[in-house]
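A short worksheet on the structure shown next.
Bear in mind that the values in this text are calculations on the coordinates, not laboratory data. Note that the coordinates shown come from a computational prediction; the quantities given were computed from them, not determined experimentally. Note: ideal-geometry Cβ built from the backbone for every residue, glycine included; neighbour counts use all protein chains shown.
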Amino acid sequence: AQAHDLKDRRILLTAGPTLEDLDPVRFLGNRSTGRMGIALAEAAAARGAKVTLLLGPTHLSTQAAGIETIAVRSALDMYHAAVERWPDCTDGILCAAVADYRPERVAEEKIKKQAGPMRIDLVRNPDIAEELGRTKTAGQYLIGFALETENGLENARDKLLRKQLDLIVLNSPRTAGAAFGHATNQIQLIDRNKVTSFELKPKLAVAHDILDRLVADKPTL
Ligand code: C5P
């Protein structure tokens with residue numbers, strides 16, 4: 001980690017969960033806390049980057065200088081905010097745990113319980129990573145995350161290619177102390193040619209490892 005080696009970069013970061021409303025009081029969500037993404041935002045800002053942090057609902061936040069936080073709720077909110085800001089950014093790091101599906105309809109009134117089972121129809125959310133990858137210009141570097149419970153490397157490589165990412169960070173929820181909600185994480189960095197494995201370490205140190213790789217792959221703008 002070099003002091004200010006990210007000066008002049010504008011980094012778009014997505015972090016945290018998305019919540020998909022069912023009615024005025026209920027939603028579908030996931031266990032992401034945004035901790036890894038906030039660590040990345042703070043590490044990048046400390047190295048001189050201007051960071052736009054699109055943050056899903058979480059109890060965590062950051063007050064660090066150099067970070068503009070935009071609070072979003074649903075996958076669609078995050079998608080629109082990301083698509084709007086991507087053209088102004090030099091790099092993107094997508095760690096949000098974006099819901100793949102949302103309820104087809106958001107009920108205006110609280111859904112009443114009824115006799116027997118209940119069905120909720122879900123529709124697919126747009127893939128933010130895929131859209132940013134598709135519209136990426138030559139200078140833009142795009143990093144995605146993969147959280148896999150099985151066939152990690154194979155699935156991560158498949159995502160790298162399908163979403164046109166430059167790098168993918170693979171973390172396994174099966175590793176003790178890694179991923180959702182933990183203070184530490186253990187990652188592998190995967191690109192088209194190689195896999196680099198790292199030790200279990202605090203998320204801020206993991207963030208610096210990821211940023212070191214960004215600088216190594218794209219030393220100048
Ligand atoms: O396909 P999967 O959800 O496993 O891909 C994970 C990567 O794609 C992460 O970087 C995540 O932030 C991103 N993603 C996204 N929009 C979605 C789904 C995933 O940006 N709708």
- Relative contact order %, the chain, counting alpha carbon pairs below 8 Å whose residues are six or more apart: 20 percent
- Task: For region 134-165, state which GluC sites (Glu not before Pro) are in a DSSP loop and have at most 10 other beta carbons lying within 10 Å of their beta carbon.
- Result: E150
- Jot down the per residue volume, in cubic angstrom and as a whole number, of the convex hull over the alpha-carbon atoms of region 140-221. 90 Å³
- Query: Expressed as an acute angle from 0 to 90° and rounded to the nearest 10, what is the orientation of the C-alpha long axis of helix 203-217 relative to the principal long axis of the chain?
  - Reply: 60 degrees
- Just the number, please: percent antiparallel of the DSSP beta bridges in the chain, rounded to the nearest 5. 35 percent
- Task: Send over the per residue convex hull volume for the chain, Cα only, as a whole number of Å³.
- Result: 132 Å³
- Item | Cβ-defined net charge surrounding G181, 9 Å radius [Lys, Arg +1; Asp, Glu -1] | +2
- Kirkwood Rh and Cα Rg combined as Rg/Rh, region 50-123: 1.11
- Item | Rg and Dmax [Cα atoms of region 1-65; Å; Rg one decimal, Dmax integer] | 14.3, 48
- Message: Straight-line reach only, C-alpha to C-alpha below 29 angstrom: list the lysines that K218 could link to, leaving out same-chain residues fewer than 8 apart.
- Response: K7, K50, K136, K159, K163, K194, K201, K203
- Task: Calculate, axis by axis, the spread of Cα positions in region 79-153 along the three principal axes, and write the results as whole Å, longest axis first.
- Result: 57, 33, 16
- Task: Grab the Cα-Cα distance for N193 and K110, subtract it from 0.36 nm times how many residues apart they are, and report the gain in nm with one decimal.
- Result: 24.8 nm
